[in-house]
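Take a look at the structure below.
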Amino acid sequence: MAEFIAAEISNSMGEFNELNSYVLDIQKQIKCTAAAVFVIQDDRLVNEWYSGRHSESASSRAVDARTQFNVASVR
């Protein structure tokens, strides 16, 4: 599997570090190649975080804001 890389784009004062770390841990546990967290609160982007690559190949493109994911919503 490709090395895990992570990019934190926006994280208001580190409030979402625990969430981002949790998602990274799950990504590793289930051996998926990519993960992302995007949190909007009060119509404002408060957390944007990406980890991984588009495939298991080390030469594949890193996940970023242009990567398309299936969307989930948690309330």
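Tabulated results
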quantity: Among (1) without any contact (Cβ under 8 Å) to a residue 12 or more places away in the chain; (2) exposed (fewer than 11 other Cβ atoms within 10 Å of the Cβ) - the single one residue 22 does not satisfy; calculated: (2)
quantity: Unique residue being at pLDDT 90 or above, in a loop (DSSP other than H, G, I, E, B), open to solvent by 90 Å² or more (accessible area, probe 1.4 Å) and of a type in the set (Gly, Ala, Ser) when the list is 59, 55; calculated: 59
quantity: So residue 65, is it modelled with pLDDT under 90, assigned to a loop (DSSP other than H, G, I, E, B) and surrounded by fewer than 11 Cβ atoms within 10 Å (Cβ to Cβ); calculated: no
quantity: The range 25-44, subset among the hydrophobic types (A, V, I, L, M, F, W, C) and open to solvent by 100 Å² or more (accessible area, probe 1.4 Å), residue nearest to residue 9 (Cα to Cα); calculated: 38
quantity: Residue list for the range 1-19, filter: modelled with pLDDT under 90, open to solvent by 60 Å² or more (accessible area, probe 1.4 Å) and under 21 Å from residue 71 (Cβ atoms); calculated: 6, 8, 9
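The values are calculated or read from the model by the stated rules, or taken from the named source; none is laboratory data. Note that the coordinates shown come from a computational prediction; the quantities given were computed from them, not determined experimentally. We place every Cβ from the backbone using ideal geometry, glycine too, and count neighbours over all the protein chains shown. Areas reflect the complete protein model, heavy atoms only, side chains present, ligands, DNA and RNA absent. Shrake-Rupley method; radii C 1.70, N 1.55, O 1.52, S 1.80 Å.
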